[in-house]
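The values are calculated or read from the model by the stated rules, or taken from the named source; none is laboratory data. Computed from a predicted structure; not experimentally measured. Glycine also receives a Cβ, built like all others from the backbone with ideal geometry; neighbour counts cover every protein chain displayed. Accessible surface is based on the protein model in full, side chains and every heavy atom, while ligands, DNA and RNA are left aside. Shrake-Rupley method; radii C 1.70, N 1.55, O 1.52, S 1.80 Å.
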Amino acid sequence: MKKFFCLAFILSLPFSMTAKDYTLKNDRLSVIVAVDNEITYTVQAKGYNILTPSRLSMTLEDGTVLGASPKVLKISRRTVTENIEAPLYRQSHFPTHYELLDLKMAGGYGVEFRLYPDGLAYRFYTSFKQPQIIRTELVE
């Protein structure tokens, strides 16, 4: 019985350890980005899930799916404080502060997450030479 349990545990290790999680936190919120066969993200406030694992991908007109079978090549993290110029807003500029997670993927694209004190933003970007047309976007 013990041999069978150990063998089952060892065989399950490669499958359970394939996903990689990346976490961003601030005083109020945290986001956990999981990269496995797809990209998912979970948003928490004070340790409670307020958005359960949600899938994220983008399909281009040529059928390329950004976020399908992703492979992370490079990870960048930093804290950003900047002033945003807003000529059409009630103020000419305003300060902003956020935690940034940039995941550069194989295939010439990446996804960037920004965790603000009161919200989360993301964006896909590419290094493709030609302009791309987005067919669909999956955000849960």
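Between Asp27 and Tyr48, residue separation times 0.36 nm minus the direct Cα-Cα distance comes to 6.2 nm.
Dividing the helix sum by the residues of the chain, where each DSSP H run of 4 or more adds -39500 (n - 2.57), gives a mean residue ellipticity at 222 nm of -3500 deg cm²/dmol. Accessible surface of region 46-140, 1.4 Å probe: 53 percent of it comes from carbon and sulfur atoms.
Taking label positions 7 Å along the Cα-Cβ direction at both Ala34 and Arg77, the computed distance is 1.9 nm, reported to one decimal.
Using a cut-off of 19 Å between Cα atoms, the listed pairs Lys20/Lys74; Lys104/Lys129; Lys25/Lys46; Lys20/Lys46; Lys71/Lys104 include Lys20/Lys46 as exceeding that distance.
Site pair His93 and Ile133 shows an inter-label distance of 4.0 nm when each label is modelled 7 Å from Cα along Cα→Cβ. Averaged over residues, the count of other Cβ atoms within 10 Å places the peptides 62-75, 125-138, 95-108 in the sequence 95-108, 62-75, 125-138, highest first. Magnitude of the charge dipole for the chain, about its Cα centre and with charges confined to Cβ atoms of Lys, Arg (+1) and Asp, Glu (-1), is about 520 debye.
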